[in-house]
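A short worksheet on the structure shown next.
The values are calculated or read from the model by the stated rules, or taken from the named source; none is laboratory data. Here the structure is a predicted model, which means the values were calculated and not measured. For neighbour counting, all protein chains shown are included, and Cβ atoms are generated from backbone atoms with ideal geometry for every residue, glycine included.
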Amino acid sequence: MGFKLTILGSNSARPILARRPSAQILQANQETFLIDCGEGTQLQMIKYGIKSSKINHIFISHLHGDHYLGLVGLLDTLALSGRQTPMHIYAPPMLEKVLDLHHQISGFPSPYPIVFHPLIADQSRIIYDTPELTVSTVVLSHRIPCTGFVFREKTLARRLLKAKTLEYNIPFTDFHDIKKGNDYTLPNGIAILNHELTDANRPPYSYAYCSDTAYFPDILPHIQNVSVLYHEATYLQDKISKAAIRGHATAQEAAAIALQANAERLILGHFSSSYQDLNPFLTEARPTFAQTYIAIEGKTFDFKDKEWTNEL
Ligand SMILES: [Zn+2]
Ligand SMILES: [Zn+2]
């Protein structure tokens, strides 16, 4: 249980041997979410032990190739594997046409339902809502319509204190009710207050994925206080004007967003192929936001770990 983020790719448009295009897996309690699906994502999943059959929801930020060109291949492989379960895809509307055309010209219609959820990048919306979690979009500033995704766990039920249930001889059938916050009444009519029987759970986790985007403070209200912010940092500060023209951000700009958002931790990604050494990204970001890490391919960031390491 909890949130774990595995990086499958963290490079920008042109892949290099050391880094693949954008794709990552968020394991949020029971669900396995795929966020962006650059070319080669399915091979990266095999390499890093991610079971693609467990994915039921795929979120695509925008339709630059480095964020979706792996999708057709992945969906085809799932078809060959005999998948029957519906696949939910949250993406810009035109992607549905791409998938339809592929299924038409390949002569293999999808054997499992593809439930397409078109995303309009005009305002933030809740696009997924369960008793445990919400996912909402956040409008980013890029050259074409682009949305980020914010995953927020709902407040967790209180933890039942086992010693108290034994002390008051509370039957198992009443546990669920107490965890929901209700008091418990003993057979003699005396009420035991909920706070004596339970303990507060950990604070809910949240994760914001913001790629691709220029430095864009309009996103701040939507990503406030997130546990982890993934923000693109295509360039270093010496290319700040190039970044702005191309709808991208620098490491220092990403750190400034993390600071203003009061995020707990920041992961930088979407690096330009022109950089071999990623250490300078940390050097530039950490004076502004100390808890900055690099999205290294294959690395899993577990939200419950107090200390994260970042060996480059
Ligand atoms: Zn990109
Ligand atoms: Zn892009």
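Restricting the first member to segment 66-82 and to residues that are in the same structural domain as residue 44 (by TED's automatic domain parsing) and closer than 24 Å to residue 11 by Cβ, and the second to residues that are of a type in the set (Ser, Thr, Tyr) and within 16 Å of ligand 1 (Cβ to nearest atom), the beta-carbon pairs closer than 7 Å and six or more apart or on different chains are 66/12; 66/22; 67/22; 67/61; 70/41; 74/41. If you go through segment 45-72 and keep only what is away from ligand 1 (no atom under 16 Å from the Cβ) and touching a Leu at 6+ places or on another chain (Cβ under 9 Å), you end up with 45, 47, 48, 50, 52, 53, 55, 57, 58, 72. Of all residues in segment 84-96, exactly one satisfies the criterion of being more than 16 Å from ligand 2 (Cβ to nearest atom) and either in a helix (DSSP H, G or I) or free of Cβ contacts under 8 Å to residues at least 24 places away in the same chain (or both), namely 96. One residue stands out among those in segment 34-65 that are basic (Lys, Arg) and without any contact (Cβ under 8 Å) to a residue 60 or more places away in the chain: the one that is surrounded by the most Cβ atoms within 10 Å (Cβ to Cβ), which is 54. Screening residue 121 with (1) touching a residue at least 60 places away in the same chain (Cβ under 8 Å); (2) buried (at least 17 other Cβ atoms within 10 Å of the Cβ); (3) part of a loop (DSSP other than H, G, I, E, B) gives one miss only, at (1).
Can you tell me which residue among 93, 86, 15 is in contact with a strand residue (DSSP E or B) (Cβ under 6 Å, 6 or more places away or on another chain) and modelled with pLDDT under 95?
On inspection, the qualifying residue turns out to be 15.
When segment 186-235 is filtered for residues that are touching a residue at least 40 places away in the same chain (Cβ under 8 Å), among the hydrophobic types (A, V, I, L, M, F, W, C) and in contact with a strand residue (DSSP E or B) (Cβ under 6 Å, 6 or more places away or on another chain), the ones remaining, listed by number, are 208, 210, 219, 223, 226, 228, 233. When residue 105 is tested against (1) assigned to a loop (DSSP other than H, G, I, E, B); (2) surrounded by fewer than 17 Cβ atoms within 10 Å (Cβ to Cβ), exactly one condition is not met: (1). Looking at segment 123-131, is at least one residue closer than 23 Å to residue 207 by Cβ and modelled with pLDDT under 95? There is at least one residue in segment 123-131 that is closer than 23 Å to residue 207 by Cβ and modelled with pLDDT under 95. The residues on offer are 77, 41, and the sole one that is within 23 Å of residue 101 (Cβ to Cβ) and within 14 Å of ligand 1 (Cβ to nearest atom) is 41.
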